[in-house]
Amino acid sequence: MRRVAVLFGGRSGEHEVSLRSAAAIIEGLSSLGKFEVMPVMINKEGGWFYRGARVTVLPDPSRRGLYILDGEETGRILPVDLVFPVLHGPFGEDGTVQGLLELAGIPYVGAGVAGSAVGMDKILMKAALRQEGIPVGEYLWFTGFQWRGQAKKLAARVERELGYPCFVKPANLGSSVGVSKVYTAADLSAAVEAALRYDRKVLAEKFLPGRELEVSVLGNEDPDASVVGEVIPCNDFYDYEAKYLDDRSKLIIPAILAPELAERVRKLAVSTFKALDCAGMGRVDFFADEAKGHVYVNEINTIPGFTSISMYPKMWEASGLPFSQLLDRLVELALERYAERNLLETSYSPG
Ligand SMILES: Nc1ncnc2c1ncn2[C@@H]1O[C@H](COP(=O)(O)OP(=O)(O)O)[C@@H](O)[C@H]1O
Ligand SMILES: [Mg+2]
């Protein structure tokens, strides 16, 4: 049986969400009856644990597996065939864990280092999408250092270039942590400070009215798009509470849309996935203003929420791919990509 380590928890504001996604994935993978599933929990301090023992992976492909750091089995290596990172946000969805797994020579589910890092950073992501001609809303960004030095000037730019209301968010995070909708100039500073608690880079975005649509993407080089889903937040916007605490937010799958709009959104989802060099999975989120005929990409999530009621697996289910088969496919895609990478030369001899 293939040994799959499911990595979850993590040093992130989205630790709790990860626990829920991982529980569903562990159950789904186990139900297939062909994997030995090893749950590896990362605590909020960043320590890795498997069956109560501290473990790690070593950046050494000849020692591939979980290396036990304490207890009676210290020094033993438990072989692992594949890692399924179920870590949302920084230190997991952002290329850091992916880099470690690359060095360790262990195949893993989802985007590689660059796709994860660029997909996580909303500033780099928008720049890359614009470069490919994919529509994103107007935005500007600055660091905490710049804000402290020239807050007045930056506030004037926000007012002139974006207007109010606008959105202020940390560049790298998710689950709406640190995100504010800012209605007046007087509230900008507090919103920037709130975002700066989570990241040194902040972005301010023009408010994009319209419906919030989402598409699940699955594949490597030639990925597929699911049916389109829609979220209707119960709050003013889709904040943390509306996502996880209040069950009045509505998730509609498939979204009731003109077929042309659905097709356009699905195509944009695949282009976004490719432009950001993603692999395996990704959920692409949009704002669609039907009256104006505008569609904008809001973001990609390279490790989307994955509880049994989350949009990513639900949109696949509605597209004919049940939860456990989706997991099976993700494992397959990870192994395929790993095998392809291993065909690349790692040395160069001239002549
Ligand atoms: N520019 C915007 N215009 C309108 N609503 C927005 C905008 N940016 C964010 N939102 C709202 O805030 C929510 C969270 O923002 P998002 O950028 O998706 O952050 P996260 O990565 O935390 O999910 C969105 O789902 C949406 O409801
Ligand atoms: Mg979002």
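Miscellaneous remarks
- Any hit, region 137-150, residues being under 16 Å from Asn298 (Cβ atoms), within 16 Å of ligand 2 (Cβ to nearest atom) and not polar (S, T, N, Q): yes
- Candidate set from region 191-237 (those that are acidic (Asp, Glu) and within 14 Å of ligand 2 (Cβ to nearest atom)); member that is farthest from the chain's Cα centre (by Cα): Glu205
- Qualifying residue in region 312-327 (condition: closer than 19 Å to Leu87 by Cβ and either within 16 Å of ligand 1 (Cβ to nearest atom) or surrounded by fewer than 18 Cβ atoms within 10 Å (Cβ to Cβ) (or both)): yes
- Residues in region 195-232 that are within 14 Å of ligand 1 (Cβ to nearest atom), crowded, with 18+ Cβ neighbours inside 10 Å and small (Gly, Ala, Ser): Ala195, Ala204, Gly229.
- Checking each residue in region 247-264 for being assigned to a loop (DSSP other than H, G, I, E, B) and either within 16 Å of ligand 2 (Cβ to nearest atom) or more than 16 Å from Arg20 (Cα to Cα) (or both) picks out Arg248, Ser249, Ile253, Pro254, Ala255, Ile256, Leu257, Ala258.
- Tally of residues being away from ligand 1 (no atom under 13 Å from the Cβ) and either among the charged types (D, E, K, R) or surrounded by fewer than 23 Cβ atoms within 10 Å (Cβ to Cβ) (or both) across region 280-294: 4
- Candidates in region 233-242 are the residues that are touching a helix residue (DSSP H, G or I) at 6+ places or on another chain (Cβ under 7 Å) and near ligand 1 (Cβ under 9 Å from one of its atoms); of these, the one that is farthest from Leu333 (Cα to Cα) is Asn235.
- Residue check for Ala255: in contact with a Pro (Cβ under 6 Å, 6 or more places away or on another chain) and surrounded by 18 or more Cβ atoms within 10 Å (Cβ to Cβ): no
- Of all residues making up region 3-28, the number that are touching a Phe, Trp or Tyr at 6+ places or on another chain (Cβ under 8 Å), of a type in the set (A, V, I, L, M) and farther than 16 Å from Gln98 by Cα: 5
- Annotation: of all residues in region 285-314 being closer than 24 Å to Gln98 by Cβ and among the hydrophobic types (A, V, I, L, M, F, W, C), the one that is farthest from ligand 2 (Cβ to nearest atom) is Phe306.
- Selection within region 88-114 - buried (at least 24 other Cβ atoms within 10 Å of the Cβ), among the small types (Gly, Ala, Ser) and within 19 Å of Leu330 (Cβ to Cβ): Gly92, Gly110, Ala111
- Of the strands (runs of 3 or more DSSP E) lying entirely inside region 6-68, those carrying at least 2 residues that are closer than 15 Å to Leu87 by Cβ and within 21 Å of the chain's Cα centre (by Cα) are 35-42.
- Residue within region 70-87 that is crowded, with 18+ Cβ neighbours inside 10 Å and of a type in the set (Gly, Ala, Ser) present: no
Every number here is computed from the coordinates shown, using simple stated rules; none is lab data. Remember, predicted model here, so these are calculated numbers, not experimental data. Virtual Cβ from ideal backbone geometry, glycine too; neighbours counted across all protein chains shown.
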